[in-house]
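The values are calculated or read from the model by the stated rules, or taken from the named source; none is laboratory data. This is a predicted model, so every value here is computed, not measured. All Cβ positions, even for glycine, are placed from backbone atoms using ideal geometry, and neighbour counts span all protein chains on display.
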Amino acid sequence: MARTIEIEDNVTVGNLAEKLTVPVTQLIGELMKNGVIATVNERIDFDTAQIIVGELGLSETQLVKKSSAPEKLPDQPKKKLPSSTGPNRPPVVAVMGHVDHGKTSLLDAIRGSEVVKQEAGGITQHISAYQVLHNDRLITFLDTPGHEAFAAIRAHGAELTDLVIIVVAADDGVKPQTIEALRFTKQAGSKLIIAINKIDKPGADSNRVKQQLAEQGVMVEGWGGEVVVVEVSAKEKTGIDSLLDMVLLVADVEDLRASIDTPSQGLIIESHMEVGRGPVAHALVTEGVLRSNDYVVAGGTYAKIRNLETPEGKTIKEALPSTPVLIMGFKALPEFADTFIVAPNEKAARALATQTLTARQATDNHLGLNSGELISIINRSNRLQELPVVIKADVQGSLTSVIDSLKTLETDEVAIRVVSSGVGAVNESDIHSAHTSTNAIIYGFNVTAPSNIRRLASRDKVSLRLYDVIYELLDDAKEALGKMLAPEIIEKESGTLSVRGIFKTSKTEIICGGEVVAGKLKSPSLAKVIRGKDEIAEVEVTNLKKGPNDAKEVLEGEFCGLSLKTKSRLILEENDQIVFFSRESVERKL
């Protein structure tokens, strides 16, 4: 008889066993068969419970989720800046595109700085925000990385903005990150402007770029569409004013507004630890007026703002909507892409942060296994090797990108296991974590390691590898994973002898003779005995003789005798083929 059991979205193993009326040991045993080590008090999610019910053969038992309206956190802001009947606000513009197409150089030209020279490898590796003044009006810009490893940061940047400028090099055309940026822009519902950069370079062809954009479904002005195109040269600083004029025109058409009479809220762009100042969050105000001494909650942490600064480091007392700011005073680092909201007092801020942190721990705690993790554990149990790593990065966004990118290197044979991760300089705890995890590699991205930490790593024989360019870090990890791959065994045939006579046969040795019908024979060597089309044995050739004399090699067309060492008794017959071969292992690479 069919039965329906109602369970919560996350249920303990003991509670599920009780509802299924099966021994808890049987349920735990079934989890263990699937690679999950669980105790009676550990939690599994609804999808995992369904998988295990199927494995138990309870075909007539149907699980249904217990309906429960999730508790909504008050006044959580949306990712997009809201439309409102309040005063006009500056447009928020993300600049995106393929790596090395000149995004940061274009922004440098707009604000008169040289950030690109300060970036390791000449590529942007962080999301950054700042404001510029054009025609007495403010524009907020977000610069996003172009390297493929920073997809999460680019997606976040697109969701934050009213308008996306996608930079395409006139001499290079549409590339993978260009296409990805177009997709993010469409998903975020942002307006789009195409900036065709490097028009001063030889080989620049704007029409080719427009054609490639049309192939991606982006129809620009003059090509039957409405997407604005502006030709610029960041190097020559031409077309910059036209681009900014178009940004303001789009902003006027969209009539961007935001309320300033509501509690301030916004989004965390980045966060990092700073010596002497502690956790520092880069944020974008989306509504209301953010003031120094406000209590703000971001994810599972909160702050009484002790200092509010512009991205250039200037202290300010308040920030209006669309304004990028640096917030000091957080108890812990807020996470990349967290929303923030102003609370009326410290008690309310602490309570809301605790509530959010508890909810996240219930979801993310290692005791709560979801179906994706279950499948991952099952798959991972079949893998041959894992590379344990400790990841440290300068900011939360980069940490996310490094971990996500390392995971893309995994195969069915090798995997990355993140032992621990965090933001800030490599410390003693990181060395200890690596040392106790079968000497995990510590990868640091844009962080330092003090001399005493380096000495500790050397003493404990912990591999400490620091990089300031992400693709160099990924290349290193790829090489480390490649060394863990089982080598490929290659067999190479050298010659074949056709047996013409058998002179002696014992349990472990055969002496025979024959004609070399192909290639060249050498001793000592491995060989296969072929009868008809079947391989019947593998043997070791210990000696070759030409007449009464020992020979090191025998050529095609010559006759010789040979001694074979066998693992078990082998009955050799005339006309059997003995194929000489060598076997070597070749290192594989990812």
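Specify the residue that is modelled with the lowest pLDDT; the eligible residues are those in the range 14-43 that are surrounded by fewer than 19 Cβ atoms within 10 Å (Cβ to Cβ) and touching a strand residue (DSSP E or B) at 6+ places or on another chain (Cβ under 6 Å).
Here the residue is N41.
Taking the range 120-149, which residues are acidic (D, E) and modelled with pLDDT under 80?
D143, E148
Return the residues of the range 217-240 that are under 18 Å from G173 (Cα atoms) and not in a loop (DSSP other than H, G, I, E, B); say none if nothing qualifies.
Those that are under 18 Å from G173 (Cα atoms) and not in a loop (DSSP other than H, G, I, E, B): V220, V227, V228, V229, V230, E231, S233.
Name the pairs whose Cβ atoms lie under 6 Å apart, with the first residue in the range 571-590 and acidic (D, E), the second assigned to a loop (DSSP other than H, G, I, E, B), and 6 or more positions between them or separate chains?
Correct list of pairs: E587/P487.
Looking at the range 309-362, which of its residues are in a strand (DSSP E or B) and under 21 Å from V395 (Cβ atoms)?
Of everything in the range 309-362, those that are in a strand (DSSP E or B) and under 21 Å from V395 (Cβ atoms) turn out to be E309, A319, P324, V325, L326, I327, M328, G329, F330, T339, F340.
Name the pairs: first residue in the range 317-336 and closer than 18 Å to L357 by Cβ and among the small types (G, A, S), second residue at pLDDT 90 or above and assigned to a loop (DSSP other than H, G, I, E, B), Cβ to Cβ under 7 Å, at least 6 apart or on different chains?
Close Cβ pairs (under 7 Å, with a partner that is at pLDDT 90 or above and assigned to a loop (DSSP other than H, G, I, E, B)) do not exist here.
Of (1) in a loop (DSSP other than H, G, I, E, B); (2) touching a strand residue (DSSP E or B) at 6+ places or on another chain (Cβ under 8 Å); (3) at pLDDT 85 or above, V390 satisfies all except one. Which?
The single condition V390 does not satisfy is (1).
How many residues does the range 225-241 hold that are within 16 Å of D108 (Cα to Cα) and either of a type in the set (S, T, N, Q) or surrounded by fewer than 17 Cβ atoms within 10 Å (Cβ to Cβ) (or both)?
Summing the residues that are within 16 Å of D108 (Cα to Cα) and either of a type in the set (S, T, N, Q) or surrounded by fewer than 17 Cβ atoms within 10 Å (Cβ to Cβ) (or both) in the range 225-241 gives 6.
Please pick out the residue among P311, P344 that is surrounded by fewer than 21 Cβ atoms within 10 Å (Cβ to Cβ), under 30 Å from V228 (Cβ atoms) and not assigned by TED's automatic domain parsing to the domain that holds V229.
Working: P344 fails: under 30 Å from V228 (Cβ atoms).
Result: P311 is the single residue among P311, P344 that is surrounded by fewer than 21 Cβ atoms within 10 Å (Cβ to Cβ), under 30 Å from V228 (Cβ atoms) and not assigned by TED's automatic domain parsing to the domain that holds V229.
Regarding V419, is this residue hydrophobic (A, V, I, L, M, F, W, C) and closer than 24 Å to E274 by Cβ? Walk me through it before giving the result.
On the way: hydrophobic (A, V, I, L, M, F, W, C): yes; closer than 24 Å to E274 by Cβ: no.
Spelling it out, it is not the case that V419 is hydrophobic (A, V, I, L, M, F, W, C) and closer than 24 Å to E274 by Cβ.
Residue by residue, here is whether (1) in contact (Cβ under 8 Å) with a residue 12 or more places away in the chain; (2) exposed (fewer than 13 other Cβ atoms within 10 Å of the Cβ); (3) of a type in the set (D, E) holds:
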{"site": "S429", "(1), (2), (3)": "no, yes, no"}
{"site": "R455", "(1), (2), (3)": "no, yes, no"}
{"site": "D476", "(1), (2), (3)": "yes, no, yes"}
{"site": "L497", "(1), (2), (3)": "yes, no, no"}
{"site": "E509", "(1), (2), (3)": "yes, no, yes"}
{"site": "G514", "(1), (2), (3)": "yes, no, no"}
{"site": "K522", "(1), (2), (3)": "yes, no, no"}
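Could you check, for the range 264-287, whether at least one of its residues is over 34 Å from the mean Cα position of the chain (by Cα), modelled with pLDDT of 90 or more and surrounded by 14 or more Cβ atoms within 10 Å (Cβ to Cβ)?
no
For the subset of the range 189-224 comprising residues that are under 20 Å from L248 (Cα atoms) and among the aliphatic types (A, V, I, L, M), which member is surrounded by the fewest Cβ atoms within 10 Å (Cβ to Cβ)?
Here the answer is L192.
Answer with yes or no whether K117 is modelled with pLDDT under 70, within 20 Å of F336 (Cβ to Cβ), charged (D, E, K, R) and not in a strand (DSSP E or B).
For K117, the condition - modelled with pLDDT under 70, within 20 Å of F336 (Cβ to Cβ), charged (D, E, K, R) and not in a strand (DSSP E or B) - is not met.
When you look at R306, is it farther than 19 Å from I260 by Cα, in a strand (DSSP E or B) and assigned by TED's automatic domain parsing to the domain that holds S292, yes or no?
In short, yes.
Read through the list (1) in contact with a His (Cβ under 8 Å, 6 or more places away or on another chain); (2) within 23 Å of I196 (Cα to Cα), then give the number of the only condition that E270 fails.
It is condition (2) that E270 fails.
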